[in-house]
Structure formats: structure tokens, C-alpha cells
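Structure, as C-alpha cells:
The values are calculated or read from the model by the stated rules, or taken from the named source; none is laboratory data. Keep in mind it's a predicted model, so treat the numbers as computed, not measured. When we count neighbours, we look across all protein chains shown, and the Cβ atoms used for this are built from the backbone with ideal geometry, even at glycine. Accessible surface is based on the protein model in full, side chains and every heavy atom, while ligands, DNA and RNA are left aside. Shrake-Rupley method; radii C 1.70, N 1.55, O 1.52, S 1.80 Å.
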Amino acid sequence: DFSKAMSQAGSSQFQEVIRQELEYSMKVELDKILATAPANELEHTKNDLEGFKKLFHRFLQEKGPSVDWGKIQRPPEDSIQPYEKIKARGLPDNIASVLNKLVVVKLNGGLGTSMGCKGPKSLIGVRNENTFLDLTVQQIEHLNKSYNTDVPLVLMNSFNTDDDTKKILQKYSHSRVKIYTFNQSRYPRINKETLLPIAKDVSYSGENTECWYPPGHGDIYASFYNSGLLDNLIAEGKEYIFVSNIDNLGATVDLYILNHLMNPPNGKRCEFVMEVTNKTRADVKGGTLTQYENKLRLVEIAQVPKAHVDEFKSVSKFKIFNTNNLWIALSAIKRLQEKNAIDMEIIVNPKTLDGGLNIIQLETAVGAAIKSFENSLGINVPRSRFLPVKTTSDLLLVMSNLYSLNAGSLTMSEKREFPTVPLVKLGSSFTKVQDYLRRFESIPDMLELDHLTVSGDVTFGKNVSLKGTVIIIANHGDRIDIPAGALLENKIVSGNLRILDH
């Protein structure tokens, strides 16, 4: 045992030496990059690289999945409240004064590349020519007009989306919403083999665009604080932010949740509220809330030891997942940021660049900070508050008559008999938005649809109705045109346009 202990000690000493060498090499490379920054970008670049250095240091310290599976417990009953209970409290007469303490923050760092679009995802048209950003502004403007309030909108942009977003913001200059932006950090991608940055200087245009990345939405705390905007909003008397992904069309301001935060029934305010909703088979990979070392903790699939991944995905054991709709106290962000006390697990995101180079990105997730805040709470909200548009299959749902649009908010049509959304799977011919739009002369009637699968070269004429389960498969080289006015109910349509009962 003595010799085993000695060899373990030797091995950990050896690992420590390697870690120190890697950190030193990284520091040298980052100093070289910083030296290329123009004077007007120096301070900003220095902040970014310092933040990256801290993240890299933690990455070298941590090994393996970051949770001990044996310590994971189901959250205590009262730590996740049903939305119905919060709604049942009703609203106070002075809801306007409560609203005036709120700031809406949208995570706007993503590009529309997964849907074949250039530029910020928030500028993709989703409904009646309205973009994600248009709908967001309409929602907040409606609130401000209805209650005579001043709820501002803050966009967290990335270096990928900032210029295009700022250009488009001019169109809202007459709307009744103050709009602020700040940029999340810009971190260097690192070579998977050498663990050194692939960037040689600070530029991020032309051939250098692939050298940098925005480090996930967990970066909101540091960037918001460093931008000075956090302090300005606190000085204006703002107390809470409502944070959500800009592509989640269900993430509207909820007055009942806001009232629960501002006027808690037990007199003790929550610093952090995470909206969770019940898992379906489509959400098995979503992060879930657990009890871990006496604190609420968000556990993501990447943190789970391989042997327990199936258990993590089980709908019976972990019944809820994180919608990424979060309500956070501004004063708590300031306090924790100043103490450097926000602890988020590192997500290692491997990618292969166009030239074949394998790199890794170190990222963090905004919800992972829940364990750093006091008196955190989960609220189990209706599924309607989680309506993300990640693919053209999602886009088809929100463009269809399943939803009606009112003041920027989408609500499920009363004519739909079930509260759940149909399961839609569009094949690769529909991946890009422009291809998808070309294949539908008009969006089909989907009020009575349960399941739609489309594969291959398929187009839809005007006024098509889809009901029950519809499967349309055009074989390679074949093309299927669904004629105008067609009604497909429980049908399988295959290769040479044979229509069979399902």
C-alpha cells in the first residue's frame, strides 16, 4: 500500500506539473494576442482574456463528470412549486409598481446557421413577417401601454450578432420600450491536441472568424456586470430580471410569477427562480433540477457519468426539465459577482472546423448558477411557456393555425381539442428556411394533427388539411406534390404518390 500511495502521490505531482506548464503556455499565448489589440479595444480584450484564463484554470482542475451520482436526490416537495398554486394568489392592485421593478433580458447571441440563415437568429421571420425580435418588442410594448409602466428590454448580443442587431434596433426608436444591449465575452477556441489558442491576434473577421466564440449564456453574469448596465438598472430602482432565450416564443412576462417574487407569501424573497416544465419523450436530454448537497442544482446530460445517462433520461425518475426562463434578483448578481462567487460547471463543447481541425470551446450555462443564489425556487409551469423554435419543424408549428397571435404573444387556438402540440418531423429537404418556405404554398391546417413525418422531395399546395397521423415519404429520385385542397387524415403517402390508410 505504501508503494501504491507513493506512486499515486507521484502521479498527482506529475499532473500538477503538467497543469502548471499548460497554464503558463496559455498565459504566454494570451499575452501575445493581447499585444495585438488596438488601444480602443485593449481594456475590453483584457477583461475577456482574464475571464477566459479563469475558466481555463478551472477546466484543468476538474476531471470527469462534475456530479457524484450518489449525492443526487429528488428536490424537496416545496422547492418546486406548481404554477397553479402561484396563480391562485391572484394579483395585487398595484401590479404596475411591481412591473416597474422588472427588466426583460433576452439571450441574443445565436446565429440562424442551423436553419440555413445568415445573421442573428432573432431576425428570422416566424409569424406574419414578424421576427423573434419584433414579437418580443410587441409583447413588452403591450405591457407598458396596458399598465402605464416602463419595462425595458435588454439584449445580450455576441460579437456575431451585435452589428446586425444594432442596425435593426433603429426601427423600434418610436416604440414604447427602452432597449439596451451589451455584449457577451469573446473567448479563443483552443486546439484539442495542444490546448493552446488557435488565434494569433485579436482580429475576428475574415479567416479569423473561426478562432473565437461566445462562451455560452452562463457568461451573462460577468458581462452584464462588466458592461456597467447592471449598476445603472439598480440605480433606476430595478430589482429583477426575467431572462430567456429569444427563440422561446412562450417566454412572456408572467405577472403571477413576478408578484410571487416581489410579494413572497412567507416574506422571504427568492433570489433565483427557474421555470421548469414536465418532460415528454422529446425532452429527455433537457437539464433537470435536483437536490445536491442541500441546494437546488441544475444537472445537464453532459455532467452525468456514462453509466447513468439512461437513468437521467428516464421520464419517470426525472419528470421535469429546465425551460431556461429564469427570474433573478439584480442585487444578488451584483453581490455574487463582486465576491467572484458564481459557480457554474464547465461545459466542454468539441467542434471540428471546416479545415478539419478539432477544437474545444469552454462554456457555461446561465441556469447552472442556481446553486450560488440564496432561497432558490423551481416553478413547474405549463408547457405553453416553452415554445422554442430550433428547427423548421418547430417553425411550422408556430406559423400554423395551432396558434393565434395577439400583441406579440402566441396562444394555442381554442379550436384545438388537446393542449399538446403535434409531433412534427420534417426531413433534410426542409432544413433551411428558404427551402422550407418554398415547399409550402400555404401552411396546412393542423388543428387536428397528432403526428407528421415528411421525408424527401415533397411540396404542399394551398389549403391542405392534415389530421391524425400523416406520413409522407418520397423515395430518392421521386417527388411528391400534395395537391391544393387535399385532406390527409391518418394516411401514409409513399414514393409514387400512393395514398394508403394509416
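Only one of these is outside the structural domain of ASN324 (by the TED database) and surrounded by 15 or more Cβ atoms within 10 Å (Cβ to Cβ): SER455, SER404, SER413, SER442. Name it. I'd like the intermediate steps shown before the answer.
Values: SER404 fails: surrounded by 15 or more Cβ atoms within 10 Å (Cβ to Cβ); SER413 fails: surrounded by 15 or more Cβ atoms within 10 Å (Cβ to Cβ); SER442 fails: surrounded by 15 or more Cβ atoms within 10 Å (Cβ to Cβ).
Only one candidate passes the filter, namely SER455.
If the requirement is being touching a Leu at 6+ places or on another chain (Cβ under 6 Å), among the hydrophobic types (A, V, I, L, M, F, W, C) and touching a residue at least 24 places away in the same chain (Cβ under 8 Å), which of these qualifies: VAL126, VAL137, VAL103?
It is VAL103.
Kindly check whether there is at least one residue in segment 138-154 that is modelled with pLDDT of 95 or more, closer than 23 Å to LEU258 by Cα, under 19 Å from the mean Cα position of the chain (by Cα) and part of a strand (DSSP E or B).
yes
Go through segment 416-439 and give me each residue that's among the charged types (D, E, K, R) and either over 18 Å from ASP283 (Cα atoms) or surrounded by 16 or more Cβ atoms within 10 Å (Cβ to Cβ) (or both).
Answer for segment 416-439, where residues must be among the charged types (D, E, K, R) and either over 18 Å from ASP283 (Cα atoms) or surrounded by 16 or more Cβ atoms within 10 Å (Cβ to Cβ) (or both): ARG416, GLU417, LYS432, ASP435, ARG438, ARG439.
Just to be sure I understand, how many residues within segment 299-321 are assigned to a strand (DSSP E or B) and in contact with a Lys or Arg (Cβ under 8 Å, 6 or more places away or on another chain)?
Here the count works out to 2.
So in segment 468-493, with the set limited to residues that are of a type outside the set (A, V, I, L, M, F, W, C) and buried (at least 17 other Cβ atoms within 10 Å of the Cβ), which one is nearest to the chain's Cα centre (by Cα)?
Just the residues of segment 468-493 that are of a type outside the set (A, V, I, L, M, F, W, C), to begin with: 468-469, 475-479, 481, 483, 485, 489-491.
Remaining after also requiring buried (at least 17 other Cβ atoms within 10 Å of the Cβ): 469, 491.
Details: THR469: 30, LYS491: 35 Å.
Here the residue is THR469.
Restricted to segment 35-56, and to residues that are buried (at least 17 other Cβ atoms within 10 Å of the Cβ) and of a type in the set (A, V, I, L, M), which residue is nearest to ALA341 (Cα to Cα)?
The residue in question is LEU55.
Using beta carbons and a limit of 7 Å, which pairs, at least six apart or on different chains, have the first residue in segment 408-427 and within 26 Å of LEU133 (Cα to Cα) and the second one acidic (Asp, Glu) and at pLDDT 90 or above?
PRO422/ASP450
Out of all the residues in segment 234-254, is one or more in the same structural domain as GLY355 (by the TED database), basic (Lys, Arg), open to solvent by less than 30 Å² (accessible area, probe 1.4 Å) and at negative phi?
Step one: of segment 234-254, the residues in the same structural domain as GLY355 (by the TED database) are 234-254.
Pick out the ones that are also basic (Lys, Arg) and you get 238.
Imposing the further condition that a residue be open to solvent by less than 30 Å² (accessible area, probe 1.4 Å) reduces the set to 238.
Add one more test, that the residue is at negative phi, and what stays is 238.
Within segment 234-254, one or more residues are in the same structural domain as GLY355 (by the TED database), basic (Lys, Arg), open to solvent by less than 30 Å² (accessible area, probe 1.4 Å) and at negative phi.
What are the residues in segment 196-237 that are acidic (Asp, Glu) and either within 17 Å of the chain's Cα centre (by Cα) or at pLDDT 95 or above (or both), if any?
ASP219, ASP231, GLU236
Could you please give the count of residues in segment 312-360 that are on the phi > 0 side of the Ramachandran plot and loosely packed, with under 12 Cβ neighbours inside 10 Å? Quick ask: steps written out before the conclusion?
Narrowing segment 312-360 to residues on the phi > 0 side of the Ramachandran plot: 324, 340, 356.
From what's left, loosely packed, with under 12 Cβ neighbours inside 10 Å: 340, 356.
So the answer is 2.
Taking the conditions exactly as written (at pLDDT 95 or above, of a type outside the set (Phe, Trp, Tyr) and either outside the structural domain of LYS351 (by the TED database) or open to solvent by 20 Å² or more (accessible area, probe 1.4 Å) (or both)), does ILE190 satisfy them or not?
Working: at pLDDT 95 or above: yes; of a type outside the set (Phe, Trp, Tyr): yes; either outside the structural domain of LYS351 (by the TED database) or open to solvent by 20 Å² or more (accessible area, probe 1.4 Å) (or both): no.
When the stated conditions are applied, ILE190 does not pass them.
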